[in-house]
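Structure record follows, encoded as C-alpha cells.
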Amino acid sequence: MVLVDTGWDTADDTDNTRQLLRYIADSLRQPVRLCIVTHAHDDRVGGIAELLRAGVRVVSTVPTARNAVKAGYPSPEGILPADTTLVIGQVPIRCYFPGEGHTRDNIVVWLPTHRILHGGCFVKSVAAFGMGNLADANMREWANSVRRVSAHFGDARIVVPGHDAIADARALTHTLRLLEKYAAAQK
C-alpha cells in the first residue's frame with residue numbers, strides 16, 4: 001500500500017500517523033510500503049518519524065526533503081523529479097509538480113488507472129470558503145499551476161484535497177474561484 005502524505009503530527013506527538021498505520025493493518029490488512037509526501041508542511045510531513053520507525057519508505061522532491069529538515073522533521077528521500085511515474089505492483093502513480101501554489105514545493109499525485117487525483121493542500125475542497133495556510137504560498141502563480149493540473153488531470157473522477165471532503169474535478173474549478181476571490185479582495 002502507498003500513502004500520500006503522513007498524518008498531521010508534530011515532532012513530539014506522532015499519534016495520528018500511528019493510528020493510521022494501525023487502521024490500515026487491522027482493517028485493510030495491507031502493509032504500507034511507501035509514502036509520497038506532497039509538500040513540507042506539518043500536516044503532510046509530521047508523521048515521517050513514525051513511518052520510518054515502522055519501516056515505511058518516505059519519498060518526496062528534493063525541495064520538500066530540504067524543507068522538511070528545515071521544519072525539524074526527518075528528511076524524506078528527495079528522489080522525485082518534477083514529473084515522474086512510479087509503478088508499484090503494476091499500478092502507475094504519477095507525481096507531478098505543476099508549479100508553485102500553496103507552497104513552492106507542492107506536488108500532486110495522479111492514479112491514472114482509477115482517475116484519482118490527490119491534490120494535497122494545493123487543491124481546495126468544494127466545501128472550503130478560504131485559501132487556508134498561505135504562509136509559503138505563491139499567490140501570483142497558484143492559479144496558473146491549477147490550470148496546468150486541470151489540463152493534465154481535469155478528467156479526474158475523484159479529487160482528494162488536503163482538507164475536507166473528497167470531490168471530483170469541480171474541486172479544481174472551485175480552487176480557481178477561491179483564488180480569483182482572494183486576488184479581488186487584495187486589490
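The values are calculated or read from the model by the stated rules, or taken from the named source; none is laboratory data. Note that the coordinates shown come from a computational prediction; the quantities given were computed from them, not determined experimentally. Counting neighbours? That spans all protein chains shown, and the Cβs are built from the backbone with ideal geometry, glycine included.
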- [ ] Kindly provide the set of residues from the range 150-164 that are touching a residue at least 24 places away in the same chain (Cβ under 8 Å) and out of contact with any helix residue (DSSP H, G or I) (no Cβ under 9 Å at 6 or more places or on another chain), ordered by number.
- [x] His152, Asp155, Arg157, Ile158, Asp164
Task: Members of the range 93-110 that are of a type outside the set (A, V, I, L, M, F, W, C) and in a loop (DSSP other than H, G, I, E, B) - done: Pro98, Gly99, Glu100, Gly101, His102, Thr103, Arg104, Asp105, Asn106
TODO: Report yes if some residue within the range 43-57 is farther than 20 Å from Val160 by Cβ, surrounded by 15 or more Cβ atoms within 10 Å (Cβ to Cβ) and in the same structural domain as Arg147 (by TED's automatic domain parsing); otherwise report no.
DONE: no
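For the range 17-26, does any single residue satisfy the condition of being within 12 Å of the chain's Cα centre (by Cα) and surrounded by fewer than 21 Cβ atoms within 10 Å (Cβ to Cβ)? Break it down into steps so the answer makes sense when it comes.
Pass one, the range 17-26, residues within 12 Å of the chain's Cα centre (by Cα): none.
Checked the range 17-26: no residue is within 12 Å of the chain's Cα centre (by Cα) and surrounded by fewer than 21 Cβ atoms within 10 Å (Cβ to Cβ).
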TODO: Kindly provide the set of residues from the range 21-36 that are free of Cβ contacts under 8 Å to residues at least 40 places away in the same chain and out of contact with any Asp or Glu (no Cβ under 9 Å at 6 or more places or on another chain), ordered by number.
DONE: Arg22, Tyr23, Ile24, Ala25, Asp26, Ser27, Leu28, Arg29, Gln30, Pro31, Val32
Open item on the list: Can you pull out every residue in the range 128-187 that is crowded, with 16+ Cβ neighbours inside 10 Å, in a strand (DSSP E or B) and aliphatic (A, V, I, L, M)?
Closed with: Val159, Val160, Ala167
TODO: Residue by residue through the range 58-79, note down the ones that are among the aliphatic types (A, V, I, L, M) and either assigned to a helix (DSSP H, G or I) or crowded, with 22+ Cβ neighbours inside 10 Å (or both).
DONE: Val58, Val62, Ala65, Ala68, Val69
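Identify, please: which residue in the range 38-52 is of a type in the set (A, V, I, L, M, F, W, C) and part of a helix (DSSP H, G or I) and is, among those, nearest to Ala137 (Cα to Cα)?
So in the range 38-52, the residues of a type in the set (A, V, I, L, M, F, W, C) come out as 40, 45, 48-49, 51-52.
Of the ones still in play, those that are also part of a helix (DSSP H, G or I) are 45, 48-49, 51-52.
Values: Val45: 17, Ile48: 22, Ala49: 25, Leu51: 27, Leu52: 28 Å.
Result: Val45.
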Task: Counted residues, the range 129-146 - those being closer than 26 Å to Cys35 by Cα and either assigned by TED's automatic domain parsing to the domain that holds Thr64 or out of contact with any Pro (no Cβ under 7 Å at 6 or more places or on another chain) (or both) - done: 10
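Looking at this structure, is Ala25 closer than 24 Å to Ile116 by Cα, assigned to a loop (DSSP other than H, G, I, E, B) and of a type in the set (A, V, I, L, M, F, W, C)? Break it down stepwise before answering.
Numbers: closer than 24 Å to Ile116 by Cα: yes; assigned to a loop (DSSP other than H, G, I, E, B): no; of a type in the set (A, V, I, L, M, F, W, C): yes.
No: the conditions fail for Ala25.
Looking at Arg94, Arg148, Arg140 in this structure, which one is of a type in the set (Lys, Arg), in contact with a strand residue (DSSP E or B) (Cβ under 7 Å, 6 or more places away or on another chain) and over 21 Å from Leu51 (Cβ atoms)? Don't jump to the end; show me each part of the working.
On the way: Arg148 fails: in contact with a strand residue (DSSP E or B) (Cβ under 7 Å, 6 or more places away or on another chain); Arg140 fails: in contact with a strand residue (DSSP E or B) (Cβ under 7 Å, 6 or more places away or on another chain).
Among Arg94, Arg148, Arg140, only Arg94 is of a type in the set (Lys, Arg), in contact with a strand residue (DSSP E or B) (Cβ under 7 Å, 6 or more places away or on another chain) and over 21 Å from Leu51 (Cβ atoms).
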- [ ] Check off (1) surrounded by fewer than 23 Cβ atoms within 10 Å (Cβ to Cβ); (2) within 11 Å of the chain's Cα centre (by Cα) for Ile88 and give me the number that stays unchecked.
- [x] (2)
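For the range 111-126, state whether one or more residues are assigned to a helix (DSSP H, G or I), under 29 Å from Val58 (Cβ atoms) and among the hydroxyl-bearing types (Ser, Thr, Tyr).
Just the residues of the range 111-126 that are assigned to a helix (DSSP H, G or I), to begin with: none.
No - not one qualifying residue is present in the range 111-126.
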